[in-house]
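Trainee: Quick one: the structure is below, and I'll ask about it shortly.
A short reminder: the numbers here are calculations on the coordinates, not readings from a lab. Please read these numbers as outputs of a predicted model, since none were measured by experiment. When we count neighbours, we look across all protein chains shown, and the Cβ atoms used for this are built from the backbone with ideal geometry, even at glycine.
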């Protein structure tokens with residue numbers, strides 16, 4: 001090999017090394033596996049829920065200590081409109097309560113919590129997408145205090161109140177409300193839009209003191225938007241909280257029990273995706 005060719009090879013190698021050193025390596029976001037909770041037919045319903053939301057633990061909060069004669073307050077039933085099995089949550093004005101601990105309210109909810117896998121806990125910096133379908137029973141009767149259908153709850157520290165709540169409320173007319181930090185009603189629509197029809201909710205939030213948040217609920221039959229809200233700068237977690245967790249079900253006040261009836265909500269296809 002001639003000296004001229006050797007010098008050329010050295011120059012080319014140096015140039016390649018410099019380009020490699022100066023090249024910015026783009027690291028794609030880490031997408032955790034999507035967790036889907038879908039009814040698969042009657043029987044072993046709590047076991048199915050637990051296997052997805054908190055394997056080896058209990059992700060169901062129910063009133064069966066006060067109402068054992070009814071049996072389990074979540075069942076898997078066939079839904080003719082969707083053509084699939086779905087979850088049906090039941091709440092009875094009496095004798096249901098809140099796990100034999102609180103008697104001015106009643107609760108049948110599913111959740112993720114501290115015993116859930118890490119990819120089901122929202123920590124600062126993560127972006128989470130929650131998606132699910134639900135259908136209020138025709139003529140659903142909410143409390144004038146609260147009837148929570150969905151909550152995003154913080155864990156540890158100042159964790160008494162939810163960060164986001166989707167609640168039905170008795171009024172003139174009845175309303176569906178999206179509430180931030182247990183105080184600010186960021187979206188309010190007529191509850192009649194949800195009466196006896198399937199809807200799909202998509203909720204996306206980035207966890208942080210200056211996070212982002214969006215919720216859109218569309219009617220399944222025609223994709224019409226019934227409720228929509230978004231913010232590019234909103235508190236989604238409090239400074240001393242460790243993580244966020246979702247809850248779904250029926251959590252309602254008994255302050256005005258005469259306004260209520262035995263009621264139900266159907267849910268289908270819960271999905272949780274976290275991006276770090």
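Trainee: Report yes if some residue within the range 260-274 is buried (at least 16 other Cβ atoms within 10 Å of the Cβ) and not in a strand (DSSP E or B); otherwise report no. Give the steps one after another, and end with the answer.
Mentor: Residues of the range 260-274 buried (at least 16 other Cβ atoms within 10 Å of the Cβ): 260, 263-270, 272-274.
Restricting the remaining residues to those that are not in a strand (DSSP E or B) gives 260.
Yes, that holds for at least one residue.
Trainee: So, one more: Tell me the residue from 255, 241, 223 that is exposed (fewer than 15 other Cβ atoms within 10 Å of the Cβ), touching a residue at least 60 places away in the same chain (Cβ under 8 Å) and not in a strand (DSSP E or B), please. Explain how you work it out, then say what you get.
Mentor: On the way: 241 fails: exposed (fewer than 15 other Cβ atoms within 10 Å of the Cβ); 223 fails: touching a residue at least 60 places away in the same chain (Cβ under 8 Å).
So the residue among 255, 241, 223 that is exposed (fewer than 15 other Cβ atoms within 10 Å of the Cβ), touching a residue at least 60 places away in the same chain (Cβ under 8 Å) and not in a strand (DSSP E or B) is 255.
Trainee: In addition: Filter the range 137-176 down to the residues that are assigned to a strand (DSSP E or B) and surrounded by fewer than 22 Cβ atoms within 10 Å (Cβ to Cβ) and list them by number.
Mentor: Passing the criteria: 153, 155, 169, 175.
Trainee: What are the residues in the range 33-51 that are surrounded by 12 or more Cβ atoms within 10 Å (Cβ to Cβ) and touching a residue at least 60 places away in the same chain (Cβ under 8 Å), if any?
Mentor: 34, 35, 36, 37, 38, 39, 49
Trainee: Let me ask you something else. Which of the numbered conditions does residue 134 fail, given that it passes all the others? Conditions: (1) assigned to a strand (DSSP E or B); (2) more than 16 Å from the chain's Cα centre (by Cα); (3) closer than 28 Å to residue 223 by Cα.
Mentor: Among (1) assigned to a strand (DSSP E or B); (2) more than 16 Å from the chain's Cα centre (by Cα); (3) closer than 28 Å to residue 223 by Cα, the lone unmet condition for residue 134 is (2).
Trainee: Let me ask another. Pull up the range 201-211, narrow it to residues that are closer than 15 Å to residue 178 by Cα and buried (at least 16 other Cβ atoms within 10 Å of the Cβ), then point me to the one that is nearest to the chain's Cα centre (by Cα). Can you show your working first?
Mentor: Taking the range 201-211 as the starting set, the residues that turn out to be closer than 15 Å to residue 178 by Cα are 201-205.
Okay, now just the ones that are also buried (at least 16 other Cβ atoms within 10 Å of the Cβ), so 201, 203-205.
Numbers: 201: 9, 203: 7, 204: 9, 205: 10 Å.
That would be 203.
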